[in-house]
1. Can you tell me which of V188, V208 is loosely packed, with under 14 Cβ neighbours inside 10 Å and under 21 Å from S99 (Cα atoms)?
2. Are any of the residues in the range 119-135 more than 25 Å from N186 (Cα to Cα) and either crowded, with 16+ Cβ neighbours inside 10 Å or touching a Cys at 6+ places or on another chain (Cβ under 9 Å) (or both)?
3. So, in the range 89-106, how many residues would count as being surrounded by 14 or more Cβ atoms within 10 Å (Cβ to Cβ) and touching a helix residue (DSSP H, G or I) at 6+ places or on another chain (Cβ under 6 Å)?
4. Looking at (1) surrounded by fewer than 18 Cβ atoms within 10 Å (Cβ to Cβ); (2) touching a Leu at 6+ places or on another chain (Cβ under 9 Å), can you tell me which one T163 breaks?
5. Which residue pairs have Cβ atoms under 6 Å apart, sit 6 or more places apart or on different chains, and have a first residue in the range 184-211 that is closer than 28 Å to I239 by Cβ and in contact (Cβ under 8 Å) with a residue 12 or more places away in the chain and a second that is polar (S, T, N, Q) and surrounded by 23 or more Cβ atoms within 10 Å (Cβ to Cβ)?
6. Which count do you get for residues in the range 21-32 that are at negative phi and in contact with a strand residue (DSSP E or B) (Cβ under 9 Å, 6 or more places away or on another chain)?
7. For the range 46-83, which positions are closer than 22 Å to A129 by Cβ and either at pLDDT below 95 or among the β-branched types (V, I, T) (or both)?
Amino acid sequence: MSAAAGVLAGQVALVTGGSRGIGAAVARALAAAGAYVAVGCRARREQAETVVAVIAAAGGAAEVAAFDVADGAAVQAAVGALVKRLGKVDVLVNNAGVSLDALILRTSDEQWQDVVDVNLKGVFNCTKAVARPMMRARSGRIVNIGSVVGAMGNAGQAAYAATKAGIVGFTKATARELAPRGIRANVVAPGFIETEMTARLDAATRDVYLSLIPLGTLGTAADVAAAVAFLAGPGGAYITGQVIHVNGGLYV
C-alpha cells in the first residue's frame, strides 16, 4: 500500500523526539500509513533530517520541526507555524524524553528538574499547543509514550519513573477533558526495547532483564510504533484514556 493510500492519508502528525529510536520508528510508521509527519527534535537535527529522507525514499512526506518541548513559548510557536502552513495537526505523539539513572540520594535538584521539564512538562506543553486546533476540528489523536517503569517502578530511576507515572494521570485527565470534542488521548508504555540505551547494557545485565520477560526477548521500536499507529488510526476510534503496555509480559 502506498503512503498516499494509507489509513492516515491527508492527516498531519507531529512526533516529538523523532530523530532516533522509538520516535523515528513512530514517524516512519505514521508516514507509511499516509500521514504527513513533522519529525520533532531539540538538538539532533541531522538525525531528524535522515529520518525525513528515509520517509521520502519510501514514498512518504515529512519535515523537521526543531524545538525544545520544555520551552512552552517555543512549542506554541512551532505548532502555530505548523498549523498556519498545513491547516491542522491531527495526531500528536509525545515521545521526547530523557532518562536518569541515579539513586534518590544522589539525584540533584537540577537533575530532577531537567527530567520533569522534558518528560512531563514537555507533554503538557505540546498537548496544550495542539488542543485548540484539535478542538476546532472536533477531532484528534494524542498518544503519549510512557514506560513500564512508570507502572512498576525501578530502583535508581525515581525521577524517570515519577514522570512516566505522571504521564498516565495527565493522559487520563486529558482524555476526559477533550473527549466531548472528539479527541482521544492514550498512553503506549514500552518495556525493555532494543534502543541505543539498551545496546549499552553489559551481557550480565541484559540476561537479567531477559529473565524477567515472559516472551524472553527485548522488544523493538517497530513493536512500539505499531501500537502507536493503531491508536492513531481507525482501530483506535473508541479507545481513550487507556494505557497500552508493550513489554512482552514484563508487567502483567
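1. Going through V188, V208 in turn, the sole match is V208.
2. Step one: of the range 119-135, the residues more than 25 Å from N186 (Cα to Cα) are none.
No; the residues of the range 119-135 include none that is more than 25 Å from N186 (Cα to Cα) and either crowded, with 16+ Cβ neighbours inside 10 Å or touching a Cys at 6+ places or on another chain (Cβ under 9 Å) (or both).
3. Taking the range 89-106 first, the residues surrounded by 14 or more Cβ atoms within 10 Å (Cβ to Cβ) are 89-100, 102.
Next, only the ones that are touching a helix residue (DSSP H, G or I) at 6+ places or on another chain (Cβ under 6 Å) stay: 89, 91-100.
Total satisfying the criteria: 11.
4. The failed condition is (1).
5. Here the result reads A185/T171; A185/T174; V187/N144; V187/T171; A189/S147; G191/N247, each pair linking the range 184-211 to a residue that is polar (S, T, N, Q) and surrounded by 23 or more Cβ atoms within 10 Å (Cβ to Cβ).
6. 8
7. As a first pass, look at the range 46-83 and keep what is closer than 22 Å to A129 by Cβ: 48, 51-52, 61-83.
Listed by number, the residues that qualify are V51, V52, V64, V69, V75, V79, V83.
Every residue, every condition in (1) modelled with pLDDT under 95; (2) of a type outside the set (G, A, S), yes or no:
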| site | (1), (2) |
| --- | --- |
| A155 | yes, no |
| F170 | no, yes |
| A175 | no, no |
| V188 | no, yes |
| V208 | yes, yes |
| Y238 | no, yes |
| I244 | no, yes |
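The values are calculated or read from the model by the stated rules, or taken from the named source; none is laboratory data. Note that the structure is predicted; figures quoted are calculated from it, not measured. Cβ atoms come from the backbone with ideal geometry, glycine included; neighbour counts cover every protein chain shown.
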